[in-house]
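To start, the structure itself, in structure tokens.
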Amino acid sequence: MSFYVYLSGEIHTDWRAEIERGAKEAGLDVVFTAPVTDHPASDAAGDHLGPESTGFWRDHKSSKVNSIRTRTLIEQSDLVVVRFGSEYKQWNAAFDAGYCAALGKPYITLHDEDIVHPLKEVDAEAQAWCTTTDQVVEILRYVLLAP
């Protein structure tokens, strides 16, 4: 049986690859999914629906197209890992965490200690807060291999 994990959030580092590599090295049967991490492609997701007069409406259309993927993959997942980086504000990641909470979908947050305060409500609903990708892999190992 495969365990499905959606990797939400920050797109500017290789944290996803670290978790995937760690799970593979641990021999875990995990299928990972993620949002579109190519920023320009994500921003252009709705461009084929026609031109817009303002950036707001372009973003609005693209976010709706992106939400088809995001909602579907979150709903199909067994667990969601939500990564918050320190450099950028990941409002979409906070939304994904809230969506998980509303669905009763377990999620783990992954972020540095310096942003604990602004994420206190998000962390309060999470099943775990991790500061390293190794900690995420260890949770996956426990969930999948504990006797």
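Annotations
- Per residue, the average separation of C-alpha pairs within less than 8 Å and at least 6 apart gives the chain a relative contact order of 27 percent.
- Spatially close Lys pairs in the chain, defined by Cα atoms under 27 Å apart and a spacing of eight or more places or different chains, total 8.
- Solvent-accessible heavy-atom area per residue, rounded to whole Å², over the chain at 1.4 Å: 59 Å²
- Carbon/sulfur fraction of accessible area - the range 103-147, other protein chains in place, 1.4 Å, %: 55 percent
- The range 1-100, accessible surface, carbon-and-sulfur percent (1.4 angstrom probe): 55 percent
- The label point for T37 and the one for I68, both projected 7 Å from the Cα toward the Cβ, are 2.3 nm apart.
- Here the extension length gained between Y142 and K89 equals 16.0 nm, from 0.36 nm per residue of separation less the Cα-Cα distance.
- At 1.306 mPa s and 10 °C, Stokes diffusion of the range 77-147 via Kirkwood alpha-carbon radius, µm² per second: 128 µm²/s
- Net charge of Cβ neighbours under 14 Å - reference G50; Lys, Arg +1; Asp, Glu -1: +1
The values are calculated or read from the model by the stated rules, or taken from the named source; none is laboratory data. Predicted model only: the values in this text are computed from it and were never measured. No Cβ is skipped: glycine too gets one built from the backbone with ideal geometry, and neighbour counts run over all protein chains shown. The accessibility values were calculated without ligands, DNA or RNA, using every heavy atom of the protein model including side chains. Shrake-Rupley method; radii C 1.70, N 1.55, O 1.52, S 1.80 Å.
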